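Notes follow the structure.
Nothing in this text is a laboratory measurement; each read-out follows from the coordinates by a stated rule. All values derive from a computational prediction rather than experimental measurement. Heads up, the Cβs are rebuilt from the backbone with ideal geometry, glycines too, and the neighbour counts pull from every protein chain shown.
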Amino acid sequence: MKLWLAPYAPNPRRVTMFLAEKGIGEEIEKTVLALPEGEQRQDAFREKSPLGQVPCLELGDGRILTESRAICTYLESLYPEPNLMGRDGFERAEIEMWDRRAELMFSMPLMLWVRHGSPLLGKVELNQNAAVADYYRDGAMRMAVWFDGLLKARPFIAGDRFTSADITVLAGMDFAKMMRWRPGEELPHLKAWRARMAERPCGQTPP
């Protein structure tokens with residue numbers, strides 16, 4: 001299998017963190033694209049990923065998967081342990097529920113805040129909008145408070161064990177470091193959770 005990635009991009013990092021937790025990172029050939037130079041828009045790559053997006057996984061028979069969660073779902077089927085997406089129908093649905101909440105309500109707003117607000121991404125995000133950045137920042141901060149309250153009562157995003165939902169939150173939060181944001185003392189439970197994640201394989205993957 002071959003995997004196309006990009007440094008600092010949060011969605012590819014979701015996959016590399018997933019690989020790290022599975023302990024299978026060395027089993028997949030990786031190609032790193034330079035997004036500021038537009039390598040994702042070159043014809044050769046767009047034949048694999050028509051929207052020019054990373055991550056992109058090519059199977060041995062030439063079939064292609066894009067979208068980070070889809071790639072992780074496929075890898076979970078090949079490498080079911082350690083389990084990160086649920087062991088039965090209900091647990092799979094419950095973890096997906098929390099993963100979707102984490103992505104749509106917290107990590108995605110964080111990512112859009114960075115994409116529209118960071119001068120460092122000006123070459124990648126050609127239509128940056130400060131008002132859009134402020135809107136998503138405010139939404140993300142409201143959800144940070146909500147997740148902080150959630151983590152007061154449980155150790156992980158989806159319950160009592162580490163799952164793909166934790167990876168999704170971590171990818172978004174780490175990307176927001178580009179805006180110099182980290183959970184502080186006003187978010188003690190989210191801060192403590194982030195410290196625990198830093199000790200795991202996922203927290204030690206490069207950006």
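In the range 89-204, one over the average inverse separation of all distinct C-alpha pairs is 14.5 Å, which is the Kirkwood hydrodynamic radius.
Cross-linked pairs LYS152/LYS191; LYS2/LYS22; LYS22/LYS177: Cα-Cα separations exceed 19 Å for LYS22/LYS177. What net charge do the residues around VAL132 carry, taking every other residue with its C-beta under 12 Å from that of VAL132, with Lys and Arg at +1 and Asp and Glu at -1? Net charge in that neighbourhood comes out at -1. Net charge of the neighbourhood of PRO188, taken over other residues with C-beta under 12 Å away and scored Lys/Arg +1, Asp/Glu -1, is 0. Each stretch of four or more DSSP H residues adds -39500 (n - 2.57); spread over every residue of the chain, this sum gives -15000 deg cm²/dmol at 222 nm. Relative to its residue count, the range 2-78 spans a Cα convex hull of 84 Å³ per residue. Each Cα pair under 8 Å and six or more residues apart adds its separation to the average, and for the chain the resulting relative contact order is 25 percent. If a paramagnetic tag sat 7 Å from the Cα of LEU78 along the Cα-Cβ line, which residues of the range 156-175 would have the backbone N under 19 Å from that point? Residues passing the 19 Å test: 164. Over the chain, the ratio between the Cα radius of gyration and 2.2 N^0.38 Å evaluates to 1.01.
Please report the antiparallel percentage of DSSP beta bridges with both residues in the range 2-78, rounded to the nearest 5. So the antiparallel bridges in the range 2-78 amount to around 60 percent. Here the translational diffusion coefficient of the range 70-139 follows from Stokes-Einstein with Rh set to the Kirkwood radius across Cα pairs; for 25 °C and 0.890 mPa s it amounts to 173 µm²/s.
Under the simplified labelling scheme, the LYS30-LEU51 pair shows an inter-label distance of 2.3 nm, with each label point 7 Å from Cα along Cα→Cβ.
For the chain, the antiparallel share of DSSP beta bridges with both residues in that region comes to about 65%.
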